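Data block below; observations after.
Derivation of every value follows stated rules applied to the coordinates shown; laboratory data play no part. Nothing here was measured: the structure is a model prediction, and the numbers come from that model. Every residue, glycine as well, gets a Cβ built from its backbone with ideal geometry; the counts of neighbours run over all protein chains shown.
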Number of protein chains: 2
Amino acid sequence: MRVAVIGTGSAGRALADGFRRIGHDVVTGTRDPEETRGRPEWAEHGDSLVALADAGTGADLVVNATGGMVSLDALAEVDLVGKVLLDVANPLDFSAGFPPTLSVKDTDSLAEQIQRAHPEARVVKALNTVNGAVMVDPARLGAETTIFVAGDDEGARGVVRTLLGELGWSDVVEFTSLDAARGLEMWLPLWVRLMGTLGTADFNLKLIR
Amino acid sequence: MRVAVIGTGSAGRALADGFRRIGHDVVTGTRDPEETRGRPEWAEHGDSLVALADAGTGADLVVNATGGMVSLDALAEVDLVGKVLLDVANPLDFSAGFPPTLSVKDTDSLAEQIQRAHPEARVVKALNTVNGAVMVDPARLGAETTIFVAGDDEGARGVVRTLLGELGWSDVVEFTSLDAARGLEMWLPLWVRLMGTLGTADFNLKLIR
């Protein structure tokens, strides 16, 4: 599968590496590929960097791994027509410091904002509840944990479900409506406080039922 | 310990029964004890019902188990001076139907509103992340799960921690600041959607770290 990851931060890099490891053809979309290519963390995969306007071309899956506050601006430049858009971002607003607040919540979500801006994309929210390292390597936690999927489009959820299985996720809880992303994004205020209290971002929840 | 539970709903009843089972002396505060006494679910414990104005008298611990939208009004009638106030409520607003939204969130919380209204109370947020049956019987889930405690007052957190241990909670994550209640209350939008998708309220998360 050809995967276009949008975003060059730690989550985007972890996802690109993870998708490569399980055999996918990965490009990373960024505003200025030439500038990004000069950064030390891109020494190995500089060739995979493409401009946002080219990132969607030929992609079977586009992944939004940008910061939630800039996602809409970045995705505005990407061709998402007919594509599955996996949104792993969170609308974290650090403008008042730590812990961040959410720039959208409760009656709306970043995932729904993206869907409204791109009505012909098939948006699925998933993986936003864990950090980049856990997204692509759930086994690193030493016990099975739970991951969530939310989306209106059954076929798009299926594409993401298959990908999650390839990454090693075995306990997947699926919501058949994208507005469940409100709940998934509102987990973050607890997540960021847990990161502070536990002293690590390497954690996740296992749903016991 | 003398415990005053405020609220006669399912969570309040479960807590009163649970605290009795582990040997505490429990009264339940309600707006109109005479009226409540006439309800079938109070046939057995009608004698324990007291008016809100009397509920705090002699209590070592007061538990807010009212609906989050009416908590401030109900607690305004309770003497909380110097008392540990365990807040298990959530600010769920059902005025627009299901799923509910939160009437306060992100930059404030119900627990902090209660603390501001009762500066001489020692407010601790805990148990709001599970339903009443699980609050008092975590073993019913068949595996250890995690419960959270948040509060500014170390002694008050200690009282709650002891009580949680008596109820059977062994994995307790503690936040030393009451504003972590923002995170704990913002878990609810995911909780209510999980209840819908799983078809049960008998679930909880186990934190894997």
| query | Is there a residue being of a type in the set (Phe, Trp, Tyr) and closer than 25 Å to A:Ala180 by Cα anywhere in the range B:146-156? | reply | yes
| task | Output the residues belonging to the range B:195-209 that are within 7 Å of chain A (Cβ to nearest Cβ), out of contact with any helix residue (DSSP H, G or I) (no Cβ under 7 Å at 6 or more places or on another chain) and either over 26 Å from A:Met195 (Cβ atoms) or not in a strand (DSSP E or B) (or both). | result | B:Thr197, B:Leu198, B:Thr200
| request: For the range B:182-194, state whether one or more residues are of a type in the set (Val, Ile, Thr) and more than 8 Å from chain A (Cβ to nearest Cβ). | output: no
| Which one of A:Val172, A:Val149, A:Val160 is within 20 Å of A:Asn90 (Cα to Cα), in contact (Cβ under 8 Å) with a residue 40 or more places away in the chain and more than 9 Å from chain B (Cβ to nearest Cβ)? | A:Val160
| task | Report, ordered by the first and then the second residue, all pairs with beta carbons closer than 8 Å, sequence separation of six or more or different chains, a first member in the range B:86-107 that is away from every other protein chain (no Cβ under 12 Å), and a second member that is part of a loop (DSSP other than H, G, I, E, B) and among the small types (Gly, Ala, Ser). | result | B:Val88/B:Ala65; B:Ala89/B:Gly7; B:Ala89/B:Ala65; B:Ala89/B:Gly67; B:Ala89/B:Gly68; B:Asn90/B:Gly68
| note | Those residues of the range A:156-194 which are part of a helix (DSSP H, G or I), of a type in the set (Gly, Ala, Ser) and out of contact with any strand residue (DSSP E or B) (no Cβ under 7 Å at 6 or more places or on another chain) amount to A:Gly158, A:Gly165, A:Gly183
| note | Filtering strands (runs of 3 or more DSSP E) wholly in the range A:61-141 for at least 1 residues that are farther than 28 Å from B:Phe98 by Cβ gives A:61-64, A:84-87
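Restricting to the range B:1-59, what's the tally of residues that are assigned to a helix (DSSP H, G or I), surrounded by 14 or more Cβ atoms within 10 Å (Cβ to Cβ) and touching a Leu at 6+ places or on another chain (Cβ under 9 Å)?
9
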| query | Residues B:Glu120, B:Glu144: which one is acidic (Asp, Glu), facing another protein chain (nearest Cβ under 10 Å) and surrounded by fewer than 23 Cβ atoms within 10 Å (Cβ to Cβ)? | reply | B:Glu144
